[in-house]
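**Student:** The structure's right below; bear with me while I get my questions together.
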Amino acid sequence: MKDIKIVFMGTPDFAVPIFKALAENYNVVAVVTQPDKKVGRKQILTPTPIKEASALYNIPVLQPVKIRNEYEEVLKYEPDMIVTCAYGQILPKELLDYPKYKCINVHASLLPKLRGGAPIHHAIMDGYDKTGITIMYMDVKMDAGDIISQTETAITKDYTLGTLHDRLSEMGKDLLLETLPNIISGNINPIKQDESEVTYGYNITKEDEKIDFTKTNIQVDNKVRALNPTPGAYTTLNGKRMKVYDVRLSDRYYTNTLPGTIVGFEKDGIRVVTGDKEIILTDIAIEGKKRCLVKDYLNGIDKKELLGVVLK
């Protein structure tokens, strides 16, 4: 299979194990990733994780600003197959139609559920009880191509974005290695997606990051876990943004108490009213300060001043 020329297209950390497995088992002739970006307060120009990983294998890297206008550079490598994973741009038809074995995508959901750029975030945030990996043929429409293979995992209540991300990345690597020989040999039966079952996991916006305490405590918990470790769910405490990284559910009920109100404390947490019950904040970061456990935060303040404060 080393005689089959493959172009890999991907960008973030999620795609790295998948790319490495491909590079170590197949003939990856080129890598396509997003342009370097300025990162942090010092705006340091930083390569993508996939660009960094490609250096380990001495594979040429292309970084088109807009692939739809710069696809001819990819075709110069005469790929027999294009494999994408979280690349971040829609491929033009000229690329989709070129390879002998077509273009395939490794997507982090059980399609047709959660098409889009943030399926892992939304799987937790939207309360899904399972998710997985889909390998599919690419189509001109986003994540709409025929399904080649799938594998699933339950979403337990201890999963955060970080832990589910890592779990799915490893699953994607394994499924790709399992599926590629069947694609090449033609031993597959692609399945069309059921359009009536489609849901979306669009990229996370600033508004998505804000905690709405009128929701149930389970919904608040889902949002916090879906954004941990980054970018972090947030609320506002006394005019300062406060990120929340971990919470604990409580069965206490309140009547005639505004959601978001701080009503008490535990040794390790701040008790806050939600739309149905109560939630306990246990891991936070106040604007301008480092992330800390709430038990440490409470040691340095007068708790009486927080009672009755409404988080917004």
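**Student:** Can you find, within segment 159-169, the residue that is surrounded by the most Cβ atoms within 10 Å (Cβ to Cβ) among those that are over 20 Å from Ile82 (Cα atoms) and not aliphatic (A, V, I, L, M)?
**Tutor:** Looking at residues that are over 20 Å from Ile82 (Cα atoms) and not aliphatic (A, V, I, L, M), I get Tyr159.
**Student:** Can you work out which of the residues in segment 199-256 that are assigned to a loop (DSSP other than H, G, I, E, B) and acidic (Asp, Glu) is farthest from Arg115 (Cα to Cα)? Explain how you work it out, then say what you get.
**Tutor:** Start the filter on segment 199-256 by keeping residues that are assigned to a loop (DSSP other than H, G, I, E, B), which leaves 199, 201-205, 211-216, 227-232, 238-239, 251-256.
Next cut, acidic (Asp, Glu) only: 212, 251.
Working: Asp212: 24, Asp251: 34 Å.
Restricting to residues being assigned to a loop (DSSP other than H, G, I, E, B) and acidic (Asp, Glu), the top hit is Asp251.
Conditions (1) touching a residue at least 60 places away in the same chain (Cβ under 8 Å); (2) assigned to a strand (DSSP E or B); (3) more than 20 Å from Lys102 (Cα to Cα), marked per residue:
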position	(1), (2), (3)
Phe8	yes, yes, no
Phe14	yes, no, yes
Phe19	yes, no, no
Val29	no, yes, no
Leu45	no, yes, yes
Lys51	no, no, yes
Ser54	no, no, yes
Ile59	no, no, yes
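**Student:** Return yes or no: is Thr205 out of contact with any helix residue (DSSP H, G or I) (no Cβ under 9 Å at 6 or more places or on another chain), closer than 30 Å to Ile147 by Cα, polar (S, T, N, Q) and without any contact (Cβ under 8 Å) to a residue 12 or more places away in the chain?
**Tutor:** Details: out of contact with any helix residue (DSSP H, G or I) (no Cβ under 9 Å at 6 or more places or on another chain): yes; closer than 30 Å to Ile147 by Cα: yes; polar (S, T, N, Q): yes; without any contact (Cβ under 8 Å) to a residue 12 or more places away in the chain: yes.
Considered against the rule, which asks whether it is out of contact with any helix residue (DSSP H, G or I) (no Cβ under 9 Å at 6 or more places or on another chain), closer than 30 Å to Ile147 by Cα, polar (S, T, N, Q) and without any contact (Cβ under 8 Å) to a residue 12 or more places away in the chain, Thr205 comes out as yes.
**Student:** While we're looking at this one, here's another question. Go through segment 85-155 and tell me which strands (runs of 3 or more DSSP E), entirely inside it, have 1 or more residues that are in contact with a strand residue (DSSP E or B) (Cβ under 8 Å, 6 or more places away or on another chain), surrounded by 24 or more Cβ atoms within 10 Å (Cβ to Cβ) and at pLDDT 95 or above. If you could, list the steps in order and put the result at the bottom.
**Tutor:** Details: elements: 103-107, 130-137, 147-154.
Output list reads 103-107, 130-137.
**Student:** So Thr179 ticks every box in (1) hydroxyl-bearing (Ser, Thr, Tyr); (2) surrounded by 15 or more Cβ atoms within 10 Å (Cβ to Cβ); (3) under 20 Å from Pro119 (Cα atoms) but one. Which box is left unticked?
**Tutor:** Here Thr179 clears every test but (3).
To keep it simple, each residue is scored yes or no on (1) modelled with pLDDT under 95; (2) in the same structural domain as Asp158 (by TED's automatic domain parsing); (3) in contact with an Asp or Glu (Cβ under 9 Å, 6 or more places away or on another chain).
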| residue | (1), (2), (3) |
| --- | --- |
| Arg248 | no, no, yes |
| Leu258 | no, no, no |
| Ile262 | no, no, no |
| Glu266 | no, no, no |
| Ile284 | no, no, yes |
| Asp296 | no, no, no |
| Lys312 | yes, no, no |
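**Student:** Tell me, yes or no, whether segment 246-265 has at least one residue that is crowded, with 21+ Cβ neighbours inside 10 Å, among the hydrophobic types (A, V, I, L, M, F, W, C) and under 29 Å from the mean Cα position of the chain (by Cα).
**Tutor:** Within segment 246-265, one or more residues are crowded, with 21+ Cβ neighbours inside 10 Å, among the hydrophobic types (A, V, I, L, M, F, W, C) and under 29 Å from the mean Cα position of the chain (by Cα).
**Student:** Ok, one more. Restricting to segment 266-290, give me the number of residues that are loosely packed, with under 15 Cβ neighbours inside 10 Å and basic (Lys, Arg).
**Tutor:** The qualifying residues number 3.
**Student:** Look at Lys215 and say whether it is buried (at least 21 other Cβ atoms within 10 Å of the Cβ), out of contact with any Cys (no Cβ under 7 Å at 6 or more places or on another chain) and charged (D, E, K, R). Walk me through how you get there before you give the answer.
**Tutor:** Working: buried (at least 21 other Cβ atoms within 10 Å of the Cβ): no; out of contact with any Cys (no Cβ under 7 Å at 6 or more places or on another chain): yes; charged (D, E, K, R): yes.
The answer is no for Lys215.
**Student:** When Tyr159 is evaluated against the numbered criteria (1) of a type in the set (Ser, Thr, Tyr); (2) farther than 26 Å from Lys243 by Cα; (3) touching a helix residue (DSSP H, G or I) at 6+ places or on another chain (Cβ under 8 Å), which criterion, by number, is the only one it fails?
**Tutor:** Unmet for Tyr159, out of (1) of a type in the set (Ser, Thr, Tyr); (2) farther than 26 Å from Lys243 by Cα; (3) touching a helix residue (DSSP H, G or I) at 6+ places or on another chain (Cβ under 8 Å): (2).
**Student:** Can you find a residue that is more than 22 Å from the chain's Cα centre (by Cα) and in the same structural domain as Val29 (by TED's automatic domain parsing) anywhere in segment 83-91?
**Tutor:** The answer is no; no qualifying residue exists.
**Student:** Of the residues that sit in segment 183-197 and are of a type in the set (Gly, Ala, Ser) and part of a helix (DSSP H, G or I), which one is surrounded by the fewest Cβ atoms within 10 Å (Cβ to Cβ)?
**Tutor:** Quick first cut of segment 183-197, residues of a type in the set (Gly, Ala, Ser) only: 185-186, 196.
If we keep only those that are part of a helix (DSSP H, G or I) too, we end up with 185, 196.
On the way: Ser185: 9, Ser196: 6.
Filtering first and then ranking leaves Ser196.
**Student:** Please verify whether Lys277 is touching a residue at least 60 places away in the same chain (Cβ under 8 Å), in contact with a Phe, Trp or Tyr (Cβ under 7 Å, 6 or more places away or on another chain) and either in the same structural domain as Tyr128 (by TED's automatic domain parsing) or at negative phi (or both), treating the condition exactly as stated.
**Tutor:** yes
The values are calculated or read from the model by the stated rules, or taken from the named source; none is laboratory data. Since the model is a prediction, treat every value here as computed from it, not as a measurement. Note that we place each Cβ from the backbone using ideal geometry, even for glycine, and neighbour counts take in every protein chain shown.
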